[in-house]
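To start, the structure itself, in structure tokens.
The values are calculated or read from the model by the stated rules, or taken from the named source; none is laboratory data. The shown structure was predicted, so the numbers you read here are calculated from the model rather than taken from an experiment. Here the Cβ positions follow ideal geometry from the backbone for every residue, glycine too, while neighbour counts run over all protein chains shown. Protein only, heavy atoms only, side chains kept; ligands, DNA and RNA dropped before computing areas. Shrake-Rupley method; radii C 1.70, N 1.55, O 1.52, S 1.80 Å.
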Amino acid sequence: MELYVFGLASYRDKIGVSSIYRLQDEVLTPTNFDLCLSRLLKTCSHEIGHMFGLYHCIEADCVMNGTISLVETDNSTIRLCSACQRKLNSSIKYDNKKRLIELEKYFEKVKLNDATQLMKKDLEKIQ
Ligand SMILES: [Zn+2]
Ligand SMILES: [Zn+2]
């Protein structure tokens, strides 16, 4: 198994980087586009979480639980657990319901069905 760093972020400088180079399984094609997009969104969400002060989370069902291989990334989630969501919301004020509705719409538009379902579930929990 090969291990890679898919993204990095600095807490102090509020800077994050990521690359699709290793996320696309060598060549980006119409067949692997959705998988590559899903990987990129997971990686970027994780790094952006760091940029906003979130640390790694031990909750398996949380995007802040780091991954070190594509298999782990593919099996990881794109959602924030409720503890990380509350931490993020204490540093940046936003309407969590609105955030989830907008994420659901976005995931629906780009046809990432698993992510759409996760947002629907999280929305049901906060109703
Ligand atoms: Zn990390
Ligand atoms: Zn978490």
Search the range 16-30 for residues being of a type in the set (A, V, I, L, M) and in a loop (DSSP other than H, G, I, E, B), and hand back the single one that is farthest from residue 113 (Cα to Cα). 27
Of all residues in the range 1-55 being open to solvent by less than 90 Å² (accessible area, probe 1.4 Å) and on the phi > 0 side of the Ramachandran plot, the one that is nearest to ligand 2 (Cβ to nearest atom): 53
Just to check your reading of the model, which residue among 74, 61, 95 is open to solvent by 80 Å² or more (accessible area, probe 1.4 Å) and either acidic (Asp, Glu) or away from ligand 1 (no atom under 13 Å from the Cβ) (or both)? 95
May I ask you to say which residue of 105, 42, 111 is without any contact (Cβ under 8 Å) to a residue 60 or more places away in the chain and outside the structural domain of residue 12 (by TED's automatic domain parsing)? 105
